[in-house]
Structure formats: structure tokens, C-alpha cells
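A.B. asks: There's a structure below that I have some questions on.
The values are calculated or read from the model by the stated rules, or taken from the named source; none is laboratory data. Everything numeric in this text was worked out from a predicted model, so none of it was measured. In this analysis, Cβ positions are derived from the backbone assuming ideal geometry, glycine residues included, and neighbour counts consider all displayed protein chains.
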Amino acid sequence: MPLWVQGVCDSMFRKVIEWKRRWPSGDVAATRTFMHKTGSLEGIPTKRAVRIAWYPKELEHLIRILKLARPDWQFVADLEEFYASGFRRGRMLPFGRIQTDMVAYAEDVNEIVEIVANARAGRVAGQVAKEVKGGSFWDAVR
């Protein structure tokens, strides 16, 4: 199967971009205490939940792409478990979509966007690192 499948991967990419765009206004899922400039301690949101309506095939392709790029990432394992459970925490919507809260750190969402963008360009993050190390990446850019 090719890395990027037209149609389903394109709509999945739009949803991942939307996830990143809406992350700052998502519901607070976890906080951490940090010290303010004044010396007081305050809880700062670290994880946020954003509602996204996925088609099952979109999530399947997202998992496949993330697994190729970061096979040892716990986020991918959790996403895979969620998919295998039949979206047990999701809500059915018309046309076969399932709405679910995607809970993640901002850094994780940024990394997901980067991985999916690289996949759309035809490379996986691990492949890019090998090409840069080998020097062949710069030849391909020109």
C-alpha cells in the first residue's frame, strides 16, 4: 500500500491541521503547576482535548503513517488501542463519522502535523533523518 492514498489521506490531513489550529481553545485535560513571575504558583494547561469527527478509514491511515515514523511512540499505541476497541469513547455522527475527544500535548500535535506533512511529501520522518545524515537529502532538495 502506498504511503499516501489520495482522498482519505487528504481529508485526514485537513483534520490534523484543524486539530492543531483548535488545540489552544480545546478543553483543558491536564494541568501542571508552574511558578508565575510574581512568585505564586498557578496551574497551566499542558494537555487539551479537541473534538474531531473521524471517518474510521482516516484514523486507520493516520495510525499507519504515525506507526511508520515513530513505531515506539506511546501515543501511537494508545491510538491503535482506541481504534481497535471500536471507538468506545466516540459518538456516532451521520455518514459514518465518529466524533471523539483527541487529548494531547501541543508538542505531540505539532509532531503529528510534521509527520503527516512529510508523508504527504512522500517521506517519513525517520527517512528524512537518514537522508540528511547521508548527505543525499541536499541533492534531492535542489
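A.B. asks: So which residues in segment 25-69 are assigned to a strand (DSSP E or B) and among the β-branched types (Val, Ile, Thr), if there are any at all? Full working, then the answer.
C.D. replies: Going residue by residue through segment 25-69, those that are assigned to a strand (DSSP E or B) are 27-35, 41-54.
Residues satisfying the conditions are Val28, Thr31, Thr33, Ile44, Thr46, Val50, Ile52.
A.B. asks: A further question follows. Out of the residues in segment 16-57 that are touching an Asp or Glu at 6+ places or on another chain (Cβ under 6 Å) and not aliphatic (A, V, I, L, M), state the one that is farthest from Ala117 (Cα to Cα). Can you show your working first?
C.D. replies: Narrowing segment 16-57 to residues touching an Asp or Glu at 6+ places or on another chain (Cβ under 6 Å): 36, 49, 51.
Applying the additional criterion that residues be not aliphatic (A, V, I, L, M) yields 36, 51.
Numbers: His36: 36, Arg51: 21 Å.
Taking the candidates together, the pick is His36.
A.B. asks: Please tell me if Gln99 is loosely packed, with under 15 Cβ neighbours inside 10 Å, modelled with pLDDT of 90 or more and out of contact with any Leu (no Cβ under 9 Å at 6 or more places or on another chain).
C.D. replies: Details: loosely packed, with under 15 Cβ neighbours inside 10 Å: yes; modelled with pLDDT of 90 or more: yes; out of contact with any Leu (no Cβ under 9 Å at 6 or more places or on another chain): no.
For Gln99, the condition - loosely packed, with under 15 Cβ neighbours inside 10 Å, modelled with pLDDT of 90 or more and out of contact with any Leu (no Cβ under 9 Å at 6 or more places or on another chain) - is not met.
A.B. asks: Please determine whether any residue of segment 79-91 is touching a Lys or Arg at 6+ places or on another chain (Cβ under 8 Å), among the charged types (D, E, K, R) and within 24 Å of Pro2 (Cα to Cα). Step through it out loud before you land on a result.
C.D. replies: Of the residues in segment 79-91, the ones touching a Lys or Arg at 6+ places or on another chain (Cβ under 8 Å) are 80, 82.
Within this subset, residues satisfying the condition of being among the charged types (D, E, K, R) are 80.
Then keep just the ones that are within 24 Å of Pro2 (Cα to Cα); that gives 80.
Yes, that holds for at least one residue.
A.B. asks: Does Met12 satisfy being surrounded by 16 or more Cβ atoms within 10 Å (Cβ to Cβ), part of a helix (DSSP H, G or I) and at pLDDT 90 or above?
C.D. replies: Numbers: surrounded by 16 or more Cβ atoms within 10 Å (Cβ to Cβ): yes; part of a helix (DSSP H, G or I): yes; at pLDDT 90 or above: yes.
When the stated conditions are applied, Met12 passes them.
A.B. asks: For the condition modelled with pLDDT under 90 and out of contact with any helix residue (DSSP H, G or I) (no Cβ under 7 Å at 6 or more places or on another chain), what is the one hit in Gln74, Gln6? Please lay out each step first, then the result.
C.D. replies: On the way: Gln74 fails: modelled with pLDDT under 90.
Matching residue, one of Gln74, Gln6: Gln6.
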